[in-house]
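Structure first, then comments.
The values are calculated or read from the model by the stated rules, or taken from the named source; none is laboratory data. Computed from a predicted structure; not experimentally measured. We place every Cβ from the backbone using ideal geometry, glycine too, and count neighbours over all the protein chains shown.
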Amino acid sequence: MTEKLQVRSETFVQCADVQTETVGEGISRQILTYGPDLMLCRLWFESGSTGDVHQHPHSQISYIETGRFRAKTGGKERELVAGDSVIISPNTDHGISCIEAGSLLDIFNPIREDFIGTGARPR
């Protein structure tokens, strides 16, 4: 049995106190609130930037805050704008392309252990 990572953010996280890291060309991320079973991240995309198609063993929900995106998951594509969301099942190919600069929130279950220790920690 795999042991869960016993790490968590502070109970209250203020966005202004969290460093932003570059995670791709035209893509920045903040790792916000997290615990062993759940993680919230905010990402900013410049127009034309692309989150490559990939997969991971986590459930994911992406919520579009601002901008316009083309999301791909499980062989389907859809244009998404502010207020829209997409759910991504574990081990499913998915990616996103930015049509109009904007931001989104990614929620993962369980925590993305690979994101912790990347330098995006509270200042």
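With the condition being more than 16 Å from the chain's Cα centre (by Cα) and farther than 18 Å from residue 102 by Cα, I'd like the strands (runs of 3 or more DSSP E) fully within region 1-90 carrying at least 1 qualifying residues. Working first, answer last.
On the way: elements: 21-24, 27-35, 38-45, 50-54, 59-73, 76-81, 85-88.
Filter on region 1-90 gives 76-81.
Spot the failing condition for residue 101; the list is (1) farther than 18 Å from residue 25 by Cα; (2) surrounded by 14 or more Cβ atoms within 10 Å (Cβ to Cβ), and only one is missed.
(1)
Sort out which residues of region 53-80 are touching a strand residue (DSSP E or B) at 6+ places or on another chain (Cβ under 8 Å), exposed (fewer than 14 other Cβ atoms within 10 Å of the Cβ) and without any contact (Cβ under 8 Å) to a residue 40 or more places away in the chain, and write them in order of number.
74, 77, 78, 79
State which residue pairs qualify: first residue surrounded by 13 or more Cβ atoms within 10 Å (Cβ to Cβ) and inside region 8-25, second residue in a loop (DSSP other than H, G, I, E, B) and of a type in the set (S, T, N, Q) in any location, beta carbons under 7 Å apart, and separation of 6 or more residues or different chains.
That search, which allows pairs on different chains as well, returns 21/118; 24/49.
Name the pairs whose Cβ atoms lie under 7 Å apart, with the first residue in region 29-43 and under 14 Å from residue 59 (Cα atoms) and modelled with pLDDT of 95 or more, the second of a type in the set (Val, Ile, Thr) and surrounded by 20 or more Cβ atoms within 10 Å (Cβ to Cβ), and 6 or more positions between them or separate chains?
38/111; 39/111; 41/31
Would you be able to tell me the number of residues in region 31-48 that are of a type in the set (Gly, Ala, Ser) and surrounded by 14 or more Cβ atoms within 10 Å (Cβ to Cβ)?
If we filter region 31-48 for residues that are of a type in the set (Gly, Ala, Ser), which is where we start, we get 35, 47-48.
Next cut, surrounded by 14 or more Cβ atoms within 10 Å (Cβ to Cβ) only: 35.
Residues meeting the conditions: 1.
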